[in-house]
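Single-structure report; data block below.
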Amino acid sequence: MSEQQQMDTLVYGSRMVSWSPLGKLLFTITILIVNICTDSLFVPIVTFAIGIVMLFYSTVCKIPKFILLALLGAILIIVIGVIMVLITGNDESCVIWDDHILWLHICVTEISFNKAWLVFLRSIAGMTVMISFATSTPVPHLSQGLNQIHVPNEVTELITLIYRYAFLFLERMEIMWNAAQCRMGFNGFMNTMRTTATIAVGMFITSFDMASKAQIVLECRNYRGVFPVYNMPAKMSVKWILASVIIFAAIFVLGCYTSNTINMAKICGFI
């Protein structure tokens, strides 16, 4: 089964697929905004819990392998950013570790340690909420939902085309990767670097050919700039707005009252 078939099976089999796409989008944006409004560590923890509950209810955590690989890549980027926040502390606060490694000045302070934890938890919580939305909302439903708030058709159809074209691009890259692997293209560090660069250049060149062929295929299927959706998604009701406002207010108040109550440096025994 291809990646697109796996994703479509996951999304259309979700328990939340019948929910209003605009309502889910509003709720997701609300959670993401309130996640960064306060300095309390309780807020990203609550946000993460909401995302996990939604993800488990939607898909029972049956995530395709290619999404897990993408998540691992995102987590790696998050960890690198968190390390940069961690080691660039201000000498004015309590210093946990101060040293030089090669040409780098490493300064870990109480403030930078707590901020690194806050950034990490915010990122993981936001990513969980976004994945729960992505795995429960078909792109055609999202496009129709955006049309309900008078987003131009050119924008909504472009979203659908990019979504479909991305899987064609991913499938072509997988074919080239497997072909290079069968020819010992990844035998050794230098061969790996050369092969990866060759695949990247090949993907850039063949992407234009793929785009032209995809356009011909669309025209042969009488594409006129609109993808028809016969089972229209549910519209957003007032309940979604009320739920989003209540959740935002509750989490924001919680963050205001619990700001700076958790000191990860003390919990980890550094001070």
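The values are calculated or read from the model by the stated rules, or taken from the named source; none is laboratory data. As the structure is a prediction and not an experimental result, all values here were calculated from the model. When we count neighbours, we look across all protein chains shown, and the Cβ atoms used for this are built from the backbone with ideal geometry, even at glycine. Side chains are part of the model used for accessible areas, which takes the heavy atoms of the whole protein and leaves out ligands, DNA and RNA. Shrake-Rupley method; radii C 1.70, N 1.55, O 1.52, S 1.80 Å.
Values as computed for the structure displayed
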{"read-out": "Within-15-Å neighbourhood charge of residue 27 [Cβ basis; K, R +1; D, E -1]", "value": "+3"}
{"read-out": "Three principal axis lengths of segment 134-211 [C-alpha, angstrom, descending]", "value": "53, 27, 16"}
{"read-out": "Pairwise FRET efficiency - residue 230 versus residue 257, Cβ, R0 = 51 Å, nearest 0.05", "value": "0.55"}
{"read-out": "Distance histogram in 10 Å bins (all Cα pairs of segment 1-152, percent per bin)", "value": "10, 31, 29, 17, 10, 3"}
{"read-out": "Longest DSSP-loop-exposure-free segment, chymotrypsin sites (Phe, Trp or Tyr not before Pro), the chain, at most 10 other Cβ within 10 Å", "value": "104-229"}
{"read-out": "Pairwise label distance in nanometres, residue 170 with residue 196, each label 7 Å out on the Cα-Cβ vector", "value": "2.0 nm"}
{"read-out": "18 Å cut-off, amide nitrogen to a point 7 angstrom out along residue 249 Cα→Cβ, residues in segment 19-36", "value": "27, 30-31, 33-35"}
{"read-out": "Relative contact order (percent, whole number), segment 70-130, Cα cutoff 8 Å, 6+ residue spacing", "value": "33 percent"}
{"read-out": "Column: log10 I(q)/I(0), Debye, Cα scatterers of segment 19-98, q = 0.15, 0.22, 0.27 Å⁻¹", "value": "-0.81, -1.26, -1.28"}
{"read-out": "Estimated FRET transfer efficiency (residue 65, residue 266; beta-carbon r; R0 41 Å; 0.05)", "value": "0.55"}
{"read-out": "Mean separation of Cα contacts under 8 Å (6+ apart) over length of the chain, as relative contact order %", "value": "35 percent"}
{"read-out": "Cut-off 13 Å between beta-carbons: net charge of the residues surrounding residue 58, Lys and Arg +1, Asp and Glu -1", "value": "+3"}
{"read-out": "Cα convex hull of segment 113-175, projected area averaged across orientations, nm²", "value": "6.6 nm²"}
{"read-out": "Segment 223-267 versus segment 83-126: alpha-carbon centroid distance in Å", "value": "30 Å"}
{"read-out": "√(5λ) per eigenvalue of the Cα gyration tensor, segment 181-234, largest first, Å", "value": "39, 15, 9"}
{"read-out": "Neighbourhood charge, 13 Å Cβ-Cβ cut-off, centred on residue 147 and excluding it, Lys, Arg +1 and Asp, Glu -1", "value": "-1"}
{"read-out": "Ratio Rg/Rh, restricted to segment 95-141 and using Cα atoms, in which Rh is the Kirkwood radius", "value": "1.34"}
{"read-out": "For the chain: accessible area per residue (Å², 1.4 Å)", "value": "61 Å²"}
{"read-out": "Spread of Cα-to-Cα distances over 10 Å intervals beginning at zero, given as percent, for segment 71-129", "value": "24, 45, 24, 6"}
{"read-out": "Cα pair distances in segment 112-271, grouped into 10 Å bins until the bin that holds the longest one, percent each", "value": "8, 20, 21, 22, 20, 9, 1"}
{"read-out": "Value of [θ]222 nm, deg cm²/dmol, for the chain, DSSP H segments ≥ 4, -39500 (n - 2.57) each, nearest 500", "value": "-23500 deg cm²/dmol"}
{"read-out": "Pairs of Lys in the chain closer than 20 Å at Cα, counting only those 8 or more apart or on different chains", "value": "4"}
